[in-house]
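Visitor: My structure is below; once you've seen it, I'll send some questions.
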Amino acid sequence: MGEDKLETWQIILIIVAVLGYIIGNITLLKYATKFNVKDKIDKQIKSDDAEENDQQDSTQNEKH
């Protein structure tokens, strides 16, 4: 069985791809921190709770 070795250009390509992936994720995280997501999530949770309460009230009214 012959040994299959990676050529130098293949190793360099793998290293560049991995570094590009890591750097891309880091820059995405830095960019994502600029957004104020917490307030939006809180608003969505509050509106979802309000809708659930409305639905529960309407189902209770139908039962009575």
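Visitor: Cβ-Cβ below 7 Å, separation at least six or inter-chain, first residue in the stretch 1-25 and at pLDDT 95 or above, second not aliphatic (A, V, I, L, M): which pairs?
Guide: none
Visitor: Scanning the stretch 3-29 for residues that are assigned to a loop (DSSP other than H, G, I, E, B) and surrounded by fewer than 10 Cβ atoms within 10 Å (Cβ to Cβ), which turns out farthest from the chain's Cα centre (by Cα)?
Guide: So the residue we want is GLU3.
The values are calculated or read from the model by the stated rules, or taken from the named source; none is laboratory data. Keep in mind that this is a model prediction, so the values were computed, not measured. Backbone-built Cβ (ideal geometry, glycine too); neighbour counts: all protein chains shown.
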